[in-house]
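Take a look at the structure set out below.
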Amino acid sequence: MSNALQERQEAKEYPLLWWTEWFHVRIEEGKVVNYCGLPYTCRFTLDRAKYDESRVIIVHASSFDPDNMPNLHDVKTAKKALILNTLEWPKPFQIQSEWTSIFTHLWSFSFKADFVSTYFDTGRGPGTFLGNILSKPVYTIQEKNDFRKELAPIAWIVSNCKARNGRHYYVKQLLKYTNVDIYGDCLKNKEWPVHPNGSPFTDREVVARYKFYLSIENSNCDDYVTEKIERPYTVGVVPILDGPKDYSRFLATNHSSIRVDDFATPEQLALRIHQLDQDDAAYLKYLDYKDPANPVESLLNPRLLETFDVPQGTWGPDDRGARCGICKLAHDMTEGTYQLTPDKVIGPDTTCYPKKWVYNSWVAEFYWWVIAVVVLGFFAALTAVIVCIMSHRARWLLLAVKYKVTPPRWRGNNIPKGFRGTEDYQLLESQNEL
């Protein structure tokens, strides 16, 4: 056994090399993976001096630069595993096989990824997805009805008004038929509340007072479900969902949420919200999984439990589980128990529907003033052209303006030959010389 191998086995720690920073910060430097129940650990580093001893290299999708990549020959010859990391919607390069064919593994929210890391913690207990779902509602239905005297039935916390799917167009249409209290920087119509001592409410404190919450993702991609669904579930509010086609892994029960896609128009959705707002019994059926009088385990969605109720000591589809899987990959490649094959690539991501809510009629309504300016400008220019064609005096005035802004050495060359305004040019030139 070589000395290098013996030292590595005694240390039982394997480097995991981040080739890029994570959103322009070095937050991953030095993080240790020592919670997996493995007889070895791993350590993340951004030190490229450790390239030779690192069998796993990680690239963050938001920092991807095709001109600054590790030696791809080492990847193609199975010496290194190249992992693409992302928890955001796919970047443009991720739908091009030209670039996705250089990565061997994917670390992502997608359940098709090699290392799955959802936005939620698995297992039971405080802070886990299941623990938050099963937590006691913050307010009773009577308290929510009292809040309704001052608040809308629906809340939305949002800052991104440039979402790829155009969700703000849909919400703007929805506002025609029902009230929505919007906090943040996009379509904002409500100030963020504060406590009597001046401290601001938390996100969950804001959401808890409402009956419904808009859990609308900024992109519609398979498995892309973020904290937007966890907020209402945690505090006992009904989420209004729009995201992937299949939400089954993430639903508390099959009747715990409202899907935007179940309604042909925003008006129909608003009508359903109005009905539930007026019928406490019908509304509370959506929250029966929170009722302590019910046998909760029998109510919960089986696929939710299958996904997130992982036994203690096993790796689930969360951040810790993904890191444990990557650590094992580094060990197995280093010790020769796992061999990459040339056809092991992540491939392009084609699961997204990027412009779901960008309908032309909605865009026209949202940006009516831009369209009005363009139309008026077009007619003004057309009118000017017509006047110039029909009027000799107008043409003379245009020639005079052109003469004044043309440098003297170019004026002669720019006089149109045979044009009736030539005399006017000459007259202007003689006047200029006086």
Report task. Starting from residues that are among the polar types (S, T, N, Q) and at pLDDT 95 or above, keep the ones in region 87-131 and report whichever is farthest from the chain's Cα centre (by Cα). Result -> THR104
Query raised in the report: Would a scan of region 109-120 turn up a residue that is out of contact with any helix residue (DSSP H, G or I) (no Cβ under 9 Å at 6 or more places or on another chain) and either closer than 22 Å to ILE216 by Cβ or surrounded by 20 or more Cβ atoms within 10 Å (Cβ to Cβ) (or both)?
Result: yes
Report summary line: Those residues of region 314-347 which are outside any helix (DSSP H, G or I), closer than 13 Å to PHE115 by Cα and not β-branched (Val, Ile, Thr) amount to TRP315, GLY316, PRO317, ASP318
Query - Positions within region 170-210 being touching a residue at least 24 places away in the same chain (Cβ under 8 Å), among the aliphatic types (A, V, I, L, M) and either loosely packed, with under 15 Cβ neighbours inside 10 Å or touching a strand residue (DSSP E or B) at 6+ places or on another chain (Cβ under 9 Å) (or both), in sequence order - result: VAL171, LEU174, VAL180, ILE182, LEU187, VAL206, VAL207
Query raised in the report: Would you pick out the residues in region 223-266 that are under 18 Å from ASP288 (Cβ atoms), in a helix (DSSP H, G or I) and without any contact (Cβ under 8 Å) to a residue 60 or more places away in the chain?
Result: ILE229, PRO232
Report task. From the list ILE229, ILE216, ILE157, pick out the single residue that is farther than 20 Å from PRO354 by Cβ and buried (at least 20 other Cβ atoms within 10 Å of the Cβ). Result -> ILE229
Report task. Would you check if there is a residue in region 33-41 being modelled with pLDDT of 95 or more, surrounded by fewer than 17 Cβ atoms within 10 Å (Cβ to Cβ) and in contact with a strand residue (DSSP E or B) (Cβ under 7 Å, 6 or more places away or on another chain)? Result -> yes
Query raised in the report: If we scan region 4-13, do we find a residue that is modelled with pLDDT of 90 or more, closer than 15 Å to CYS327 by Cα, under 33 Å from the mean Cα position of the chain (by Cα) and not basic (Lys, Arg)?
Result: no
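The values are calculated or read from the model by the stated rules, or taken from the named source; none is laboratory data. Everything numeric in this text was worked out from a predicted model, so none of it was measured. Cβ atoms come from the backbone with ideal geometry, glycine included; neighbour counts cover every protein chain shown.
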